[in-house]
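Peer 1: Quick one: the structure is below, and I'll ask about it shortly.
The values are calculated or read from the model by the stated rules, or taken from the named source; none is laboratory data. Predicted, not measured: the structure shown is a model, and the values here were computed from it. Here the Cβ positions follow ideal geometry from the backbone for every residue, glycine too, while neighbour counts run over all protein chains shown. To get the accessible areas, we keep the full protein, side chains included, count just its heavy atoms, and leave off ligands, DNA and RNA. Shrake-Rupley method; radii C 1.70, N 1.55, O 1.52, S 1.80 Å.
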Amino acid sequence: QVQLVESGGGLVQAGGSLRLSCAASGTIFSINTMGWYRQTPGNQRELVATITGGGSTNYADSVKGRFTISRDNAENTVYLQMNSLKPEDTALYYCNAEIRLRAWRNWSDYWGQGTQVTVSS
């Protein structure tokens, strides 16, 4: 059984910063890409940033230069440092990880339960 547990969300004023964390736990053989997505009511979940096991990153245009994704492979943890936050960054942020439970198993996608980020103007 695999769990992704997010933390670090909250309420912040525009221009402020937050750091999200997501730790994967359970019987894990390997983790490939990890990432953050966000969703607002009535809208589809959208990509915020991803990072591969080798450290290659990808960002949504809307967060480039403001957000930084990083990971600690030894701790199976991914982080999202969010600076210069804007009201339009308000959303429920979800952690995602591509995980293989055993060497002979296929990769599967896992999601956290989400952490709310609210940016006031």
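Peer 1: Among all residue pairs at least 6 apart or on different chains, which show Cβ distances below 6 Å where the first residue, located in region 1-16, is under 16 Å from Leu80 (Cα atoms) and open to solvent by 60 Å² or more (accessible area, probe 1.4 Å) and the second is outside any loop (DSSP other than H, G, I, E, B) and aliphatic (A, V, I, L, M)?
Peer 2: Within 6 Å, the pairs are Val5/Ala23.
Peer 1: Can you pull out the strands (runs of 3 or more DSSP E) entirely within region 1-57 that have at least 3 residues that are of a type in the set (A, V, I, L, M, F, W, C)?
Peer 2: Ranges flagged: 2-7, 18-26, 30-39, 46-51.
Peer 1: On to the next question. Determine whether Leu85 is open to solvent by less than 30 Å² (accessible area, probe 1.4 Å), assigned to a strand (DSSP E or B) and either among the aromatic types (Phe, Trp, Tyr) or closer than 17 Å to Val117 by Cα (or both).
Peer 2: No.
Peer 1: If you don't mind, another one. For region 51-58, indicate whether the set of residues that are closer than 17 Å to Arg19 by Cβ and either modelled with pLDDT of 95 or more or surrounded by 14 or more Cβ atoms within 10 Å (Cβ to Cβ) (or both) is non-empty. Reasoning before the result, please.
Peer 2: To start, the set of residues in region 51-58 that are closer than 17 Å to Arg19 by Cβ comprises 51, 57.
Narrowing further to those that are either modelled with pLDDT of 95 or more or surrounded by 14 or more Cβ atoms within 10 Å (Cβ to Cβ) (or both): 51, 57.
Scanning region 51-58 turns up at least one residue that is closer than 17 Å to Arg19 by Cβ and either modelled with pLDDT of 95 or more or surrounded by 14 or more Cβ atoms within 10 Å (Cβ to Cβ) (or both).
Peer 1: Of the residues Tyr79, Tyr93, which single one is in a strand (DSSP E or B), touching a Leu at 6+ places or on another chain (Cβ under 8 Å) and open to solvent by 40 Å² or more (accessible area, probe 1.4 Å)?
Peer 2: Unique residue meeting the criteria: Tyr79.
Peer 1: Is at least one residue of region 107-121 over 18 Å from Val2 (Cβ atoms), assigned to a loop (DSSP other than H, G, I, E, B) and more than 15 Å from the chain's Cα centre (by Cα)?
Peer 2: For region 107-121, residues over 18 Å from Val2 (Cβ atoms), assigned to a loop (DSSP other than H, G, I, E, B) and more than 15 Å from the chain's Cα centre (by Cα): present.
Peer 1: Is there any pair linking a residue in region 106-121 that is open to solvent by less than 40 Å² (accessible area, probe 1.4 Å) to one that is modelled with pLDDT of 95 or more and among the aromatic types (Phe, Trp, Tyr), with Cβ under 7 Å and at least six apart or on different chains, and which?
Peer 2: As it stands, the answer is Gly112/Tyr94; Gly114/Tyr93; Gly114/Tyr94; Thr115/Tyr93; Val117/Tyr93, since those pairs meet every condition given.
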